[in-house]
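Colleague: This is the structure, below, for whatever I ask next.
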Amino acid sequence: LDARVAEARALWRGATNDSMRHAVADSISALIGDHATNASDVRDALDLIASINPPFTSGERLVLARRAVLVNRFPDAVDQFGLVARDSTLSATDRLTYAAALGQLQRWTDAAAVLTGISDVRYAGQAAYYRARALLRADQTRQAVVALHQVVARYPHDTLAAATALHLLADLAVDSGKVDTARILYQRLAARYPTNSQRGYATLIAALIAF
């Protein structure tokens with residue numbers, strides 16, 4: 001056990017007022033936020049948090065959530081992101097990370113909800129695409145198809161999001177036996193996004209369907 005984690009545990013046991021408890025919370029947050037702290041010690045600190053529930057600020061909880069993701073402690077990340085989201089607005093990047101952690105726990109409906117309505121232009125297309133994927137993983141295929149079409153319509157200049165959405169729509173059309181629809185979607189991908197890495201595959205599959 002990291003000496004700093006052991007010290008924090010001892011200080012918590014001896015804390016007799018809110019000021020002392022907040023001081024312990026600050027020290028744990030600093031430990032986890034220190035990139036020199038190795039993954040094992042971060043996990044020990046997260047275990048300590050689960051057992052004592054210190055009074056962290058929202059900023060400290062974000063530090064905990066982000067680092068928990070990096071050490072694959074997704075339940076801890078989800079708990080901390082959720083607590084912050086109750087009282088304040090998460091940034092687009094934090095919402096993407098939060099949704100990814102929810103996905104790791106197979107909580108796809110919750111992930112889709114977190115990704116809904118991200119308006120930051122740098123991440124809106126990506127978030128909309130991942131929301132559609134989350135709906136698909138949640139077995140909400142009809143809603144997922146609608147969401148994928150919205151990605152293509154709303155974010156045509158987000159090459160990665162729109163092209164990938166077209167590709168997935170085409171694959172879904174093939175799976176449902178709508179091969180003519182699939183061919184059109186593959187052709188649209190190839191025509192609209194000639195520099196996309198999926199263009200060659202889309203062109204080939206469209207040709208094979210036509211043949």
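The values are calculated or read from the model by the stated rules, or taken from the named source; none is laboratory data. Everything numeric in this text was worked out from a predicted model, so none of it was measured. Note: ideal-geometry Cβ built from the backbone for every residue, glycine included; neighbour counts use all protein chains shown. The accessibility values were calculated without ligands, DNA or RNA, using every heavy atom of the protein model including side chains. Shrake-Rupley method; radii C 1.70, N 1.55, O 1.52, S 1.80 Å.
Colleague: Given the criteria free of Cβ contacts under 8 Å to residues at least 60 places away in the same chain, in a helix (DSSP H, G or I), within 25 Å of R107 (Cβ to Cβ) and open to solvent by 50 Å² or more (accessible area, probe 1.4 Å), does R131 qualify?
Modeller: yes
Colleague: For the stretch 153-166, check the following and say yes or no: at least one residue is closer than 30 Å to V63 by Cβ, in a helix (DSSP H, G or I) and either in contact with a Gly (Cβ under 7 Å, 6 or more places away or on another chain) or not hydroxyl-bearing (S, T, Y) (or both).
Modeller: Yes, some residue in the stretch 153-166 is closer than 30 Å to V63 by Cβ, in a helix (DSSP H, G or I) and either in contact with a Gly (Cβ under 7 Å, 6 or more places away or on another chain) or not hydroxyl-bearing (S, T, Y) (or both).
Colleague: Out of the residues in the stretch 2-26 meeting the condition of being open to solvent by 50 Å² or more (accessible area, probe 1.4 Å) and under 30 Å from the mean Cα position of the chain (by Cα), tell me which one is farthest from V63 (Cα to Cα).
Modeller: Selected residue: H22.
Colleague: Take R61 and tell me if it is touching a helix residue (DSSP H, G or I) at 6+ places or on another chain (Cβ under 7 Å), open to solvent by 50 Å² or more (accessible area, probe 1.4 Å), modelled with pLDDT of 95 or more and closer than 30 Å to I118 by Cα.
Modeller: For R61, the condition - touching a helix residue (DSSP H, G or I) at 6+ places or on another chain (Cβ under 7 Å), open to solvent by 50 Å² or more (accessible area, probe 1.4 Å), modelled with pLDDT of 95 or more and closer than 30 Å to I118 by Cα - is not met.
Colleague: Further question on the same structure: Would a scan of the stretch 101-124 turn up a residue that is in a helix (DSSP H, G or I) and within 21 Å of R192 (Cα to Cα)?
Modeller: Yes, the stretch 101-124 contains at least one residue that is in a helix (DSSP H, G or I) and within 21 Å of R192 (Cα to Cα).
Colleague: If a residue has to be open to solvent by 70 Å² or more (accessible area, probe 1.4 Å) and not in a helix (DSSP H, G or I) to count, how many in the stretch 190-211 make the cut?
Modeller: 4
Colleague: Now for a different question. Just to be sure before I move on: is D79 at pLDDT 95 or above, within 11 Å of the chain's Cα centre (by Cα) and of a type in the set (D, E) in the structure I sent?
Modeller: no
Colleague: Determine which single condition Q187 fails, assuming it passes every other condition in (1) open to solvent by 20 Å² or more (accessible area, probe 1.4 Å); (2) assigned to a helix (DSSP H, G or I); (3) over 16 Å from A210 (Cβ atoms).
Modeller: Tallying (1) open to solvent by 20 Å² or more (accessible area, probe 1.4 Å); (2) assigned to a helix (DSSP H, G or I); (3) over 16 Å from A210 (Cβ atoms), Q187 fails exactly one: (3).
Colleague: In the stretch 106-122, how many residues are open to solvent by 60 Å² or more (accessible area, probe 1.4 Å) and not acidic (D, E)?
Modeller: Qualifying residue count, the stretch 106-122: 9.
Colleague: Exactly one of (1) in contact with an Asp or Glu (Cβ under 9 Å, 6 or more places away or on another chain); (2) surrounded by 15 or more Cβ atoms within 10 Å (Cβ to Cβ) is unmet by N38. Its number?
Modeller: (2)
Colleague: Follow-up. Residues A45, A85, A30: which one is in a helix (DSSP H, G or I), buried (at least 21 other Cβ atoms within 10 Å of the Cβ) and among the small types (G, A, S)?
Modeller: Result: A45 is the single residue among A45, A85, A30 that is in a helix (DSSP H, G or I), buried (at least 21 other Cβ atoms within 10 Å of the Cβ) and among the small types (G, A, S).
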